[in-house]
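Here is the structure we will look at, set down as structure tokens.
The values are calculated or read from the model by the stated rules, or taken from the named source; none is laboratory data. Because the structure is predicted, anything quoted here is derived from the model rather than measured. Counting neighbours? That spans all protein chains shown, and the Cβs are built from the backbone with ideal geometry, glycine included. Quick note on the areas: whole protein, heavy atoms, side chains included, nothing else; ligands and nucleic acids left out. Shrake-Rupley method; radii C 1.70, N 1.55, O 1.52, S 1.80 Å.
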Amino acid sequence: MRPGMKHPPLVSLLTDFGLQDNFVGLMKAVILRINPACRIVDICHEVGPQDIRRAALLLENSFGYFPEGTIHLAVVDPGVGSRRRKLLVETRRYYFIGPDNGVLSLALKKERPLRVIELSNSRFFLKPVSDTFQGRDVFASIAGHLSAGIPAGRFGRRVTGLQQLALPIARRKGGVISGEVVYIDRFGNLATNIGKALLEGFNRKQACVCVKDRLIRGISRSYQAAPKGRLVALISSFNTLEIAVADGSASACLGAGPGTKITIRRG
Amino acid sequence: MRPGMKHPPLVSLLTDFGLQDNFVGLMKAVILRINPACRIVDICHEVGPQDIRRAALLLENSFGYFPEGTIHLAVVDPGVGSRRRKLLVETRRYYFIGPDNGVLSLALKKERPLRVIELSNSRFFLKPVSDTFQGRDVFASIAGHLSAGIPAGRFGRRVTGLQQLALPIARRKGGVISGEVVYIDRFGNLATNIGKALLEGFNRKQACVCVKDRLIRGISRSYQAAPKGRLVALISSFNTLEIAVADGSASACLGAGPGTKITIRRG
Amino acid sequence: MRPGMKHPPLVSLLTDFGLQDNFVGLMKAVILRINPACRIVDICHEVGPQDIRRAALLLENSFGYFPEGTIHLAVVDPGVGSRRRKLLVETRRYYFIGPDNGVLSLALKKERPLRVIELSNSRFFLKPVSDTFQGRDVFASIAGHLSAGIPAGRFGRRVTGLQQLALPIARRKGGVISGEVVYIDRFGNLATNIGKALLEGFNRKQACVCVKDRLIRGISRSYQAAPKGRLVALISSFNTLEIAVADGSASACLGAGPGTKITIRRG
């Protein structure tokens, strides 16, 4: 336990490793071998292989719900073994660990980095360091040591600059908002990049949401606003516009997915 | 830790949220932000979307294996955002938290409720409360506070009545037992609603189990009773009749699933 | 906590139970009811039904990353309810619990057994013991008691002999190494049974790896060695030869899977 902490340290895990192999279990083993008091919570491991963007969105939508002091470990790392940087980012409330490929970037737009450290001190790596599984040999190992109280500065030197993601951005021009679907959730709901703030001043009851050739009238508060099987547009629990079907799948109903265009007009 | 408790509190989680999103991780984050000492065990998150019945059966078959004092949190909630009640139920050994839609009802037939509380005190919710993810904003938050020692009565007022599930019930009439398949497990085994008690007085060795157009002679003790690839009927580890195939899938072999009729006759 | 232990005991879990049922949750419940201080880490539960070989390989590749004292619980048990033995194996650093069907055997080639105990003392089982779910009623129960400090000798009598797995072994004859694919991982990478040691003395840069009708020149250090979409052969993070495609699936690309032959020649 770190000095001054009342509670055992917490590590969150977000990867594209899936659950059919032992990758996630080994990251946990490495953390616990270094710091048996550490606690670990899975955010998600079913991110599509190499899908940095989905992981970045998940991290953005997740990190702030965790207790202060949580170490967020995000490993979607198509460049493993290349010269991409391995980072530890310190913010006011959290630590973030991961490759410098954009996976941390959306979260760090919401939570300003105080210090970015390149993980170069191999003393804190698991040896030998493989070139194919640094989630285990570098990132989990660093998370374990950090959780055990090793000061962040020991892991490497301060650096600047963070790889950003080139994401499509929703825009409002005149009376029209244009955005797109960014992912499909488990229930077939379509999450979009249209944030709540963009809708300010819009009369939600009269808005017309257009997706593919379908028109949805009004932006509702809950799935219950529409009869079963009917499309509904609402502000999701992550404060972005979502297209859903009560007790059904909007994705299947519309044949829509990441990239599908959405426009909103005043009704 | 609650006063008088020797061990950290335990929350079990049962949802239809799946593991491809961050829903489950966020429920855990919320619990741990409120009570960092809490421990959390997953019962299952791969319940089919909105499948209240499957979740109710899983909870019924699971709750009693947990330590006394466990807080069972079951969120399969197609009515999220509607006026369905949100409940905390106290029994002699456990707490149960979930929507009042039947998901708790099978467990609470086995474990009598001492007190039912409607979760109305928004002071213990995560703000703002979304109308689409109350698993995070209401249920996990209440579980966190309860685990941290807040008395149950603080979360709302006592109410009566619990939504029940309309489940098909197995019956015995003369020498014939009639029931049906209620779910298929990972191995393709067919779980039925025919409880062990219904078989009392039956000569198990001579019983004839009829499913689709197939006849299985005898009710065995284990999968090993039949040669590989052959159908076997047995009493499962949850004390109901199960149809299996040793080293195979009874579901695939019979083309059977939830709703398939089963009859048992004296041989 | 066991006498003399500074940290809470740790149990690792490896099964073919999947995550769509409550099997894994119930094993954890049983462990925690016996020892609420115990910690539990999942290695993997998505081993194919009854796939003892895959589980044995996963355990072999995982156990050594865990803290000393970890209790490794591996339940892939097609013979459940038969007379196959139920074992607890003590080594210098770890405990292993599981059925005597080979699932423990690959790990125990790397970590010599000091004592093998047949789990025969039913006093430490969960009653009644089912003949279909001994992962819960026997193995988890024993792990709970062992983690709580019950000496291993109390669970049964010492026995000898361990069921071995008949695995294909890679061989080197003259200048040619012959082996085969043993599993496909989440990313479509092909893991083989050709260990790093077999390659000693080989010039890795000039080696020719032949799989199906394709030739891969050189054994690389990382996925980055080849352009996107191209086949690459490398030594995996588990020290065996692996065939991969950078940002793609070698399995899909080659139509290869467990059993596919691999040969390596001097280039």
- Note on the structure: Counting only residues in the range A:56-82 that are within 11 Å of another protein chain (Cβ to nearest Cβ) and not in a loop (DSSP other than H, G, I, E, B), the one farthest from residue A:147 (Cα to Cα) is identified as A:57
- From the list B:53, B:93, B:85, pick out the single residue that is more than 14 Å from chain A (Cβ to nearest Cβ), at pLDDT 95 or above, within 14 Å of the chain's Cα centre (by Cα) and surrounded by fewer than 24 Cβ atoms within 10 Å (Cβ to Cβ). B:53
- Note on the structure: Selection from the range C:24-40 of residues open to solvent by less than 20 Å² (accessible area, probe 1.4 Å) and either at the interface with another protein chain (Cβ under 8 Å from one of its Cβ atoms) or assigned to a strand (DSSP E or B) (or both) yields C:24, C:25, C:26, C:29, C:30, C:32
- Which members of the range A:41-55 meet the condition of being among the acidic types (Asp, Glu) and in a loop (DSSP other than H, G, I, E, B)? A:46, A:51
- Message: As an exercise: evaluate residue C:60 against (1) more than 12 Å from the chain's Cα centre (by Cα); (2) surrounded by fewer than 21 Cβ atoms within 10 Å (Cβ to Cβ) and give the number of the one condition it does not meet.
- Response: (1)
- Item | Hey, residue B:103 under 13 Å from the mean Cα position of the chain (by Cα) and assigned to a loop (DSSP other than H, G, I, E, B) or not | yes
- Inside the range B:2-23, can you point out the residues that are within 12 Å of chain A (Cβ to nearest Cβ), not in a loop (DSSP other than H, G, I, E, B) and not polar (S, T, N, Q)? B:13, B:23
- Please state which one of B:17, B:66 is open to solvent by 10 Å² or more (accessible area, probe 1.4 Å), at pLDDT 95 or above and at negative phi. B:17
